[in-house]
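Written out below as structure tokens is the structure these notes cover.
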2 protein chains.
Amino acid sequence: MSLIVQKFGGTSVGSIDRIEAVADLVIKTKQQGHQVVVVLSAMAGETNRLISLAKQIDNRPNARELDVLISTGEQVSVALLAMAIIKRGHSAISLLADQALIQTDNFFGKARVTDIDSSRLLHELEHGRIVILAGFQGRDSEGNVTTLGRGGTDTTAVEVAAAIKANECQIYTDVDGVYTADPRIESRARRMDTITFEEMLELASLGAKVLQIRCVEAAGRYNVPLRVLSTFAPDQGTLITYEEPQMLDQVVSGIAHNKDEALLTICGVPNTPINLAKILQLLAQHAIEVDMIAQINQKDANIDYAFTVHRNDFEQGLELLQSLVQTLGATEVKGNCNVAKISAVGVGMKSHAGVAGTLFQALAAENIAALLISTSEIKISVLIDEKYLELGVRALHSAFFVIN
Amino acid sequence: MSLIVQKFGGTSVGSIDRIEAVADLVIKTKQQGHQVVVVLSAMAGETNRLISLAKQIDNRPNARELDVLISTGEQVSVALLAMAIIKRGHSAISLLADQALIQTDNFFGKARVTDIDSSRLLHELEHGRIVILAGFQGRDSEGNVTTLGRGGTDTTAVEVAAAIKANECQIYTDVDGVYTADPRIESRARRMDTITFEEMLELASLGAKVLQIRCVEAAGRYNVPLRVLSTFAPDQGTLITYEEPQMLDQVVSGIAHNKDEALLTICGVPNTPINLAKILQLLAQHAIEVDMIAQINQKDANIDYAFTVHRNDFEQGLELLQSLVQTLGATEVKGNCNVAKISAVGVGMKSHAGVAGTLFQALAAENIAALLISTSEIKISVLIDEKYLELGVRALHSAFFVIN
């Protein structure tokens, strides 16, 4: 008998029919002899409906009250799923954050779990019940309702899995696993059976939208085996675990891509170490996160600094850099929104030389120029012209994967 | 400075515009120097929407989970009102049942409040906050979500008013007070400035649908002054208090009516005391409540018993009585659905003779026959043919009220 946490997102509980299907799937797991804790999101569309009610009242609604409002979405879905399971003759109970003793800090709208007292959850499991837990929500130390922000239900699932020492945390989503590239771009992309936490972290942060990065981080931290799988094909999926030796045979695990970035360049900055710090501090003061950074030393000993920022921050970033031109004695600022980042990720890179060579040869063969490069132990990212995104993804996929 | 509880029903918070209007009204009360606790229902239609989701899953959904589901309705409205008040620059906080420490028994769907610890409510008021409390809901001693059943938000308002020793509990509704008769039937009906708890109890149970009877009972029990008033005309309304001597001048306070009843008669029952008990017990076993009861002794020493029951119970009541005919040795069972009850209510009746005379004279003048009569210290009820309902109400109103 295993202890399994199953998380279902908004699409999986988006209608009564879908909820009935989830009930059947959960009961099947229980009948296989496992103890099951189910963690649910709100029905698809419900959170947006609630936020739109709030915005009609106040474009920046009070954060505490917004959490009281939107946490009702998960409360509705857990009650409905519990009813559906009970109707089928099985024992189930819904638990809200205060009932499941899920404590968070008090950063409304983006709270972090600080403690889960597993006693109530374990008590219900020991009594043979399927526990249906409202995801995305918690209570702070004063009993205020909090929500965990984007991807919060995944976070709840992983945190709960860690607290009750679950054997596996299953994340049901609308894709059936993690692929070697986005199947919408590279039709020959393959579903991976396993992938390491490290790789998944790089893939998640690089734009593979299967799992939120916080969820993967947490699962890795607690060493909770995480499985991504589809409600429609629950027997497949990708298992995310710690690195195992035989996995190193695969040098590159996946090709990720991201169209959310924009390129900023400030040219001709006098070569004083403090100047780069000044630039980054100004961006940070305005909460603009910088992803890739590169410097190009010019012949005149001045330096061009190039950054990528989120596309939403592009206009503001451009203005901020322009405000620095005179202070720093720089020459000009340039910006480019039409860029995309493609990356090859794999723990195998650690022990295999030549990955970068293969990668740039594949890009060169398609005449794709690199605008910016950044590397880590297990990934190489290249910023390219946005129009070459699909071509680039397919080129890298062909270079690193044997096509059957 | 007074401490005031204001309750708003589903229609009053039925849209964002209505919620904004309630925010203005609450703030106005606060600015007059009062401390305010607001108790809210779900937005009109929301509870029905949630119940219909549940019924799609199970026609008899699990009671515990149904309460988890439908209690979200009030949670949504308190969050939205709190946002609207905060947006206007005032301090407000929403509280759910567990935060406001409202404890109930564990009869899901029709729980009763067993305890309110007022410490949190008073703490928020002392800090100058307008408290927005989710009505209709509680928590049982194990922390399960419960709901209070029909009229539950009124009950929450009165129980909370008693717990915090409020000076007044204001029930905002879509009528602007209690009238001497239904204004839709008798256009000359007048709004009463005051009425006693006793009278209001009789009026409520007799079909004046302004207040739920449990709410009036509770207010009377705790001696919480209760005011019924309209969101659209908040300066008027009717105050419900304990009897004051000068009020006795008015013999009859109001004319109530009720079309929800049906008449059942079992004829020729042998005159043994146990027979009436047998009849009533059989009805009670099937949860059929009997309102009026009369017996007509026939010349042959047998007895006809006549009852009124709720119209929804008519068919079943008829069958049950028929099943008794042979056992009791009765002759036959008759039923009549086309009946209505009209009543004159007033504490003044206690000290004024002749009310019954005036009443029956007024009915006789319109040729309206009484099918059944029942009386209490402060009311006289008459069952009549349904088609004379409006005529009867106007006849009694003219008889007891001076028309200006």
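Some points to look at:
- The interface between chain B and chain A buries about 3300 Å² of solvent-accessible area in total (1.4 Å probe, ligands and nucleic acids excluded).
- Relative contact order of segment B:17-159: 28 percent, from C-alpha pairs under 8 Å at least 6 residues apart in sequence.
- Pairwise centroid distance, computed over Cα atoms, of segment B:90-110 with segment A:70-91, Å: 21 Å
- Calculated SAXS-style log₁₀ I(q)/I(0) at q = 0.09, 0.14 Å⁻¹ - chain B, Debye, Cα scatterers: -0.64, -1.24
- Here the accessible area is traced with a 1.4 Å probe on the protein chains. For segment A:3-174, carbon and sulfur cover 45 percent of it.
- Here's the picture: charge each Lys and Arg Cβ at +1 and each Asp and Glu Cβ at -1 in segment A:291-404, and of A:Gly348, A:Gly335, A:Ser381 the one pushed furthest to the positive end of that dipole is A:Gly348.
- One residue of chain B places its C-beta nearer than any other to the axis carrying B onto A; that residue and its whole-Å distance are B:Thr72, 2.
- Looking at segment B:221-320, the trypsin sites (Lys or Arg not before Pro) that sit in a DSSP loop and have at most 15 other Cβ atoms within 10 Å of their own Cβ are B:Lys259, B:Lys299.
- In order along segment A:357-363, the Karplus-derived 3J(HN,Hα) couplings, from 6.51 cos²θ - 1.76 cosθ + 1.60 at θ = phi - 60°, round to x, 4, 5, 6, 5, 5, 5 Hz, and Gly and Pro are given as x.
- Under a model in which nothing but the beta-carbon of Lys, Arg (+1) and Asp, Glu (-1) is charged, segment B:81-153 shows a dipole of about 420 debye around its Cα centre.
- Computed with a 1.4 Å probe over protein heavy atoms only, the accessible surface of chain B comes to 42 Å² per residue.
- Proximity of backbone amide H atoms, modeled 1.01 Å from N, is registered between B:Gly149 and B:Ala111 at under 5 Å, excluding neighbours fewer than 5 places apart on the same chain.
- Placing a label point 7 Å from Cα along the Cα-to-Cβ axis, B:Tyr222 is separated from the same position in the other copies by 4.1 nm, shortest listed first.
- P(r) tail, segment B:244-404: Cα-Cα pairs separated by more than 23 Å, 45% of all pairs.
- Shortest-first nm distances, A:Gly89 label point to equivalent points in other copies (7 Å, Cα→Cβ): 6.5
- Other protein chain C-beta atoms within 10 Å of residue C-beta, averaged over A:55-67: 6.
- Whole-Å semi-axes of the protein assembly as shown's equivalent ellipsoid (Cα gyration tensor): 69, 33, 20
- Considering only chain B, percent of DSSP beta bridges that pair antiparallel, nearest 5: 60 percent
- Mean per-residue shielding of peptide A:227-237 is 0, counting Cβ atoms of other chains within 10 Å of each Cβ.
- Applying 1/(1 + (r/R0)^6) with R0 = 22 Å to the Cβ-Cβ distance of B:Val402 and B:Ala356 gives a FRET efficiency near 0.65.
- Note on B:90-99: average number of Cβ atoms from other chains within 10 Å of each residue's Cβ is 4.
- In this structure the amide hydrogen of A:Ile130, modeled in the peptide plane, comes within under 5 Å of the amide hydrogens of A:Ser91, A:Ala92, A:Ile93, none closer than 5 places in sequence on its chain.
- Added length on full extension, which subtracts the Cα-Cα distance from 0.36 nm per residue, A:Ser118 to A:Ala370: 85.7 nm
- Copy-to-copy label distances for A:Glu289, where each label lies 7 Å from Cα along Cα-to-Cβ, are 5.9 nm in order of increasing length.
- Checking every one of the GluC sites (Glu not before Pro) in segment A:51-149 against DSSP loop status and a limit of 10 other Cβ atoms within 10 Å picks out A:Glu142.
- Computed about its Cα centre, the charge dipole of segment B:3-174 is approximately 280 debye, with only Lys, Arg, Asp and Glu carrying charge at their Cβ.
- For segment A:50-109, with +1 on Lys and Arg beta carbons and -1 on Asp and Glu, the positive-most of A:Phe107, A:Ile85, A:Leu96 along the dipole: A:Ile85
- Sum of -39500 (n - 2.57) over DSSP H runs of 4+, divided by residues of the protein assembly as shown (222 nm, nearest 500): -11000 deg cm²/dmol
- Euclidean distance of C-alpha centroids, segment A:324-359 and segment B:269-348, integer Å: 89 Å
- Taking other residues whose beta carbon is less than 15 angstrom from the beta carbon of A:Arg184, and scoring Lys, Arg as +1 and Asp, Glu as -1, yields +1.
- Nearest 10 degrees, 0 to 90: helix A:213-222 Cα axis against chain A principal axis: 70 degrees
- Charge dipole of segment A:3-174 about the Cα centre (unit charges at C-beta), most positive-ward option of A:Leu53, A:Ala161, A:Ile27: A:Ile27
- Flagged links, alpha-carbon separation over 31 Å, of A:Lys30/A:Lys209; B:Lys7/B:Lys87; B:Lys28/B:Lys379; B:Lys278/B:Lys350: B:Lys28/B:Lys379; B:Lys278/B:Lys350
The values are calculated or read from the model by the stated rules, or taken from the named source; none is laboratory data. A quick note: this is a predicted structure, and the numbers were derived from the prediction, not measured. Reconstructed Cβ throughout: ideal geometry from the backbone, glycine too, with neighbour counts over all protein chains shown. With ligands, DNA and RNA removed, areas are computed over all heavy atoms of the protein, side chains included. Shrake-Rupley method; radii C 1.70, N 1.55, O 1.52, S 1.80 Å.
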